[in-house]
1. Open to solvent by 70 Å² or more (accessible area, probe 1.4 Å), at pLDDT 90 or above and either closer than 21 Å to Ile104 by Cα or part of a loop (DSSP other than H, G, I, E, B) (or both): is that true of Leu73 in this structure?
2. Going by the structure shown, is Ile34 under 30 Å from Ala101 (Cα atoms), open to solvent by 80 Å² or more (accessible area, probe 1.4 Å) and not aromatic (Phe, Trp, Tyr)?
3. Take His48 and decide whether it is surrounded by fewer than 10 Cβ atoms within 10 Å (Cβ to Cβ), in a helix (DSSP H, G or I) and not hydrophobic (A, V, I, L, M, F, W, C).
4. If I go through segment 90-106 residue by residue, how many of them are open to solvent by 100 Å² or more (accessible area, probe 1.4 Å) and within 23 Å of Leu31 (Cβ to Cβ)?
5. So Arg12 ticks every box in (1) modelled with pLDDT under 95; (2) open to solvent by less than 60 Å² (accessible area, probe 1.4 Å); (3) assigned to a helix (DSSP H, G or I) but one. Which box is left unticked?
6. Which of the numbered conditions does Asp54 fail, given that it passes all the others? Conditions: (1) assigned to a helix (DSSP H, G or I); (2) open to solvent by 100 Å² or more (accessible area, probe 1.4 Å); (3) modelled with pLDDT under 90.
7. Can you find even one residue in segment 26-41 that is out of contact with any strand residue (DSSP E or B) (no Cβ under 8 Å at 6 or more places or on another chain), β-branched (Val, Ile, Thr) and either without any contact (Cβ under 8 Å) to a residue 12 or more places away in the chain or not in a helix (DSSP H, G or I) (or both)?
8. Looking only at segment 72-106, which residues are closer than 19 Å to Pro45 by Cα, touching a residue at least 12 places away in the same chain (Cβ under 8 Å) and not β-branched (Val, Ile, Thr)?
Amino acid sequence: MAVYRALRAVVRGISRVVMALLAAAITIGVLAGIPWALLHYAGNPIPHSIPTMDAVKHTLTSPMTPQLFLKALSVIGWYLWLILAASFLVELVYAARQVNAPHIPT
């Protein structure tokens, strides 16, 4: 009976380590994979130079092109990723302190 308990404790410990490593891999995959996909498929949404007011006015008053639509989706994707990364960082800090993170009212 004692051997069974010891074996069960070892299996439980290995299971916890495997689950922790899996959770870390998924977290790193999401936090690194989303920016990679955004850069790879949608490109960098930040312009190489500051646009002039005429260029901004032309872009906002001309019909929407597929390229502009993809850039807008890219900016929205970056914004959502920033929210995800910030919330992960908040949770990480509070977990390190071993206290509950504050809840955001909905």
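1. Numbers: open to solvent by 70 Å² or more (accessible area, probe 1.4 Å): yes; at pLDDT 90 or above: yes; either closer than 21 Å to Ile104 by Cα or part of a loop (DSSP other than H, G, I, E, B) (or both): no.
No; evaluated as a whole, the condition is false for this residue.
2. Values: under 30 Å from Ala101 (Cα atoms): yes; open to solvent by 80 Å² or more (accessible area, probe 1.4 Å): no; not aromatic (Phe, Trp, Tyr): yes.
So Ile34 does not fit the description; no.
3. Values: surrounded by fewer than 10 Cβ atoms within 10 Å (Cβ to Cβ): yes; in a helix (DSSP H, G or I): no; not hydrophobic (A, V, I, L, M, F, W, C): yes.
So His48 does not fit the description; no.
4. Residues of segment 90-106 open to solvent by 100 Å² or more (accessible area, probe 1.4 Å): 91, 97-98, 100, 103-106.
With the extra rule that they be within 23 Å of Leu31 (Cβ to Cβ), the set shrinks to 91, 97-98, 100, 103-104.
Number satisfying all stated conditions: 6.
5. With (1) modelled with pLDDT under 95; (2) open to solvent by less than 60 Å² (accessible area, probe 1.4 Å); (3) assigned to a helix (DSSP H, G or I) applied to Arg12, the lone miss is (2).
6. (3)
7. Taking segment 26-41 as the starting set, the residues that turn out to be out of contact with any strand residue (DSSP E or B) (no Cβ under 8 Å at 6 or more places or on another chain) are 26-41.
Those still in the list that are β-branched (Val, Ile, Thr) too: 26-28, 30, 34.
Still in the running and either without any contact (Cβ under 8 Å) to a residue 12 or more places away in the chain or not in a helix (DSSP H, G or I) (or both): 26, 28.
So far as segment 26-41 goes, yes, one or more of its residues are out of contact with any strand residue (DSSP E or B) (no Cβ under 8 Å at 6 or more places or on another chain), β-branched (Val, Ile, Thr) and either without any contact (Cβ under 8 Å) to a residue 12 or more places away in the chain or not in a helix (DSSP H, G or I) (or both).
8. Just the residues of segment 72-106 that are closer than 19 Å to Pro45 by Cα, to begin with: 72-85.
Pick out the ones that are also touching a residue at least 12 places away in the same chain (Cβ under 8 Å) and you get 73-75, 77-78, 81, 84-85.
Selection gives Leu73, Ser74, Gly77, Trp78, Trp81, Leu84, Ala85.
The values are calculated or read from the model by the stated rules, or taken from the named source; none is laboratory data. A quick note: this is a predicted structure, and the numbers were derived from the prediction, not measured. No Cβ is skipped: glycine too gets one built from the backbone with ideal geometry, and neighbour counts run over all protein chains shown. We work out accessible area using only protein heavy atoms, side chains counted, and drop any ligands, DNA or RNA first. Shrake-Rupley method; radii C 1.70, N 1.55, O 1.52, S 1.80 Å.
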